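Structure first, then comments.
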Amino acid sequence: MVDDELWALIEPLLPPWPERSPGPRPVSDRLCLQGILFVLYNDIAWQLLPLELGFGSGQTCWRRLGRWQKAGVFDRLHQVLLAELNAAGELDWSRACVDGSHIRAKKGGPDTGPSPVDRRKTGSKHHLICDGRGTPLKVITTAANVNDVTQTLALVDGIPPVAGRPGRPRRRPEALLGDKGYDSNAHRDELRHRRILPVISRKGSPNIKGIGKLRYVVEQTFALLHHFKRLAVRWERRTELHDAFVSLA
C-alpha cells in the first residue's frame, strides 16, 4: 500500500490527465501505483492482478507504468528521495561500490544475451553503483554477456545530481571500490581524471586487504532489490518497463 507520506512525494511528479479525455473515468493514479507495486512484490502476470483488490485491471496498470516511465517520473522520484537522504546526512560520499548481478530473461528482447553463469540461457545483467551505506545511486540493465568493466564510467557518470545541502548538487564519490572484474588501467585513469580514487583489485594479485568488508553493501543491496520478485527474473521484453520496476524498487 502507498501511505500518505510516500504519495505526497509521488503525486506532484505524475503527468496530469487531459481535462476532456474520451471514455470512462480512468482509475486513480494512487490505485494504479498500488497495483504496480503488487505485481512488483509478488511477480504475477499482469492479467492475473485480482480485480477485487480495486487497483484496476493489469492492462490498466501496465499502461500507466509505461506512461510514467516515459514521463521520467521514477527518475525524478529517485532524485527527490536521494536529496532527502542527503539532507539528513544518510548518504556516505566517502566511497561508492560497483558490482553486477545476472538474472534470467524469460521472454528475451533488447538488452538480453547468453548468460555466462547460466548455461548460456538468455539473460540480462544489472550493473549497480551504491554509496558507502548501500543506497542505490544508479542501475543499468544490459545483456548478460556484457563485461562489468565496460559499465564503470557509465555508472559513475549516471549518478544524478543530488541536492539537499548548501552548495552545488553532488554527483561524485571520493573513491570507487570494485572487484577484479573492474580491473582496467584506462578506467583507473578516467576515474582519477574525475577526481575519484580507484580502489580496484588487480587480476592475478590478492584482493586489496579489507576491501571485502567495505564492498559487502553492494551485494546486500542486490539482495534487497531482488527481494522484489519481479526483479529476480526479467519478464518484460521492453527494457524501459523493466527499468521502471528497478527504479521503483
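If you take every DSSP beta bridge whose two residues both sit in the chain, what share of them, in percent to the nearest 5, is antiparallel? Show your work: numbers first, answer last.
Working: 19 of 27 bridges.
DSSP beta bridges in the chain are roughly 70 percent antiparallel.
If r is the Cβ-Cβ distance from Arg165 to Arg194 and R0 is 35 Å, what FRET efficiency results, to the nearest 0.05?
Working: r = 20 Å, r/R0 = 0.58.
Computed FRET efficiency for Arg165 and Arg194 comes out at 0.95.
Can you pull the one-decimal nm distance between simple spin-label points at His227 and Tyr41, each 7 Å off the Cα toward Cβ?
A separation of 1.2 nm, rounded to one decimal place.
Show Glu5, Glu240 ordered by accessible area, largest first, where the area counts protein heavy atoms only and the probe is 1.4 Å.
Descending order: Glu5, Glu240.
Between Val27 and Asp3, how high is the FRET efficiency from 1/(1 + (r/R0)^6) when r is the Cβ-Cβ distance and R₀ = 25 Å? Nearest 0.05.
Numbers: r = 19 Å, r/R0 = 0.76.
Rounded to the nearest 0.05, the efficiency is 0.85.
May I ask for the net charge around Val156, where only other residues with Cβ less than 15 Å from the Cβ of Val156 are counted and Lys, Arg are +1 while Asp, Glu are -1? Mind dumping the intermediate values first?
Numbers: positive: Arg95, Lys138, Arg170, Arg171, Arg172, Arg188, Arg192, Arg194, Arg195; negative: Asp99, Asp131, Asp148, Asp157, Glu174, Asp189, Glu190.
It works out to a net charge of +2.
Which whole-number percent gives the relative contact order of the range 84-200, counting Cα pairs below 8 Å spaced six or more residues apart? Before the final figure, lay out the partial values.
Working: 230 pairs, mean separation 30.3, N = 117.
Value for the range 84-200: 26 percent.
Roughly speaking, what is the stretch gain from Asp157 to Leu85, that is 0.36 nm per residue apart minus the C-alpha to C-alpha distance, in nm to one decimal? Provide the component values of the computation, followed by the final result.
On the way: separation 72, 0.36 × 72 = 25.92 nm, distance 2.01 nm.
This chain segment gains 23.9 nm when fully extended.
How far is the Cα center of the range 1-67 from the Cα center of the range 133-173, in Å?
28 Å
Over 27 Å apart: what share of the alpha carbon pairs of the chain falls there, rounded to a whole percent? Present the calculation step by step, with values, prior to reporting the outcome.
Values: 12779 of 30876 pairs.
Here the long-distance tail beyond 27 Å is 41 percent of all Cα pairs in the chain.
The values are calculated or read from the model by the stated rules, or taken from the named source; none is laboratory data. In this text the structure is predicted, and so the values were computed from the model without any measurement. As a convention, Cβ positions derive from the backbone with ideal geometry for all residues, glycine included, and neighbour counts pool all protein chains shown. When the accessible area is computed, the model is the full protein with side chains, heavy atoms only, and any ligands, DNA or RNA have been set aside. Shrake-Rupley method; radii C 1.70, N 1.55, O 1.52, S 1.80 Å.
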